[in-house]
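Just so it is clear, none of the values below were taken in a lab; they were calculated from the coordinates. For clarity, every value in this text was computed on a predicted model and none was experimentally measured. Every residue, glycine as well, gets a Cβ built from its backbone with ideal geometry; the counts of neighbours run over all protein chains shown.
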Amino acid sequence: MKKLAFFILLSLVTLGVSAQSNLKWNVNAGIGMSNWYGDDTDGTDAKFAYKVGIGLEVPFANTNVWSFQTGLNFISKGVKGNGVTDAWDVVDVTINQLYLELPLNTASNFDLLFKGGPYLAYGVGGKTKIDGVSEKADTFGDDGLKRFDAGLGLGVAFEFGKIVVGVETGTSFTKVASGASAYNLSALATIGYKF
């Protein structure tokens, strides 16, 4: 958690206090699907995913086209499993992963808003439910998944005044667990409001 707070602070300091008059804040939310990809994902299916967050946009100097976008999102990821795989010796499982996520995007606005860049995320909660087992397990517990996630996010959106409607995807470059070739993948339809 301290590492994530440090990254947020660092990104805001990098933007510079002098740019405060150009800062544009927004709130956003999205729904969609998440899954895992990789060699050890046989028998997995997508599950419902969502996010809510606050965003910050800083236009690059003397342009209304290019900007830097960051913020803080609470996002769900995970997977449903319905078969035995090489890495996961279970039959029916639902894994819910909850993260605080920091996107670091460059955006361009040419009638459509295009954005892309890396993201950093830290697992803050989630439960894993195995069919036939009454007690849910902590997804990021002692024998659970890795908390740290990093990857690439891409998105496209339409702006209607202060309303922003779009789609975005996130592809992880870090394994969800040691010794397993499985990575997070998500796709969301989003809506936001600019202040």
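Calculate the FRET efficiency for R147 and N62 from the Cβ-Cβ distance with a Förster distance of 35 Å, rounded to the nearest 0.05. Efficiency computed from Cβ-Cβ geometry: 0.30. Net charge of the neighbourhood of I31, taken over other residues with C-beta under 14 Å away and scored Lys/Arg +1, Asp/Glu -1, is +2. Between V124 and T169, the simple label model (points 7 Å from Cα in the Cβ direction) yields a spacing of 2.7 nm. Summing charges over neighbours of G123, with a neighbour being any other residue whose Cβ is under 11 Å away from its Cβ, gives 0 when K and R count +1 and D and E count -1.
Could you rank the peptides 107-115, 143-151 by their average count of other C-beta atoms within 10 Å per residue, with the highest value first?
Numbers: 107-115: 14.4, 143-151: 16.4.
Taking the mean over residues of other Cβ atoms within 10 Å, the ranking is 143-151, 107-115.
Here the Karplus relation 6.51 cos²θ - 1.76 cosθ + 1.60, evaluated at θ = phi - 60°, turns the backbone of segment 168-176 into coupling constants of 8, 9, x, 10, 7, 10, 10, 5, 6 Hz, with x for every Gly and Pro.
Electrostatic bookkeeping for L112 treats Lys and Arg as +1 and Asp and Glu as -1; over the other residues with beta carbon under 14 Å from its beta carbon, the sum is -2.
Judged by the mean number of other Cβ atoms found within 10 Å, the most tightly packed of the peptides 173-179, 45-51 leads the ranking 45-51, 173-179.
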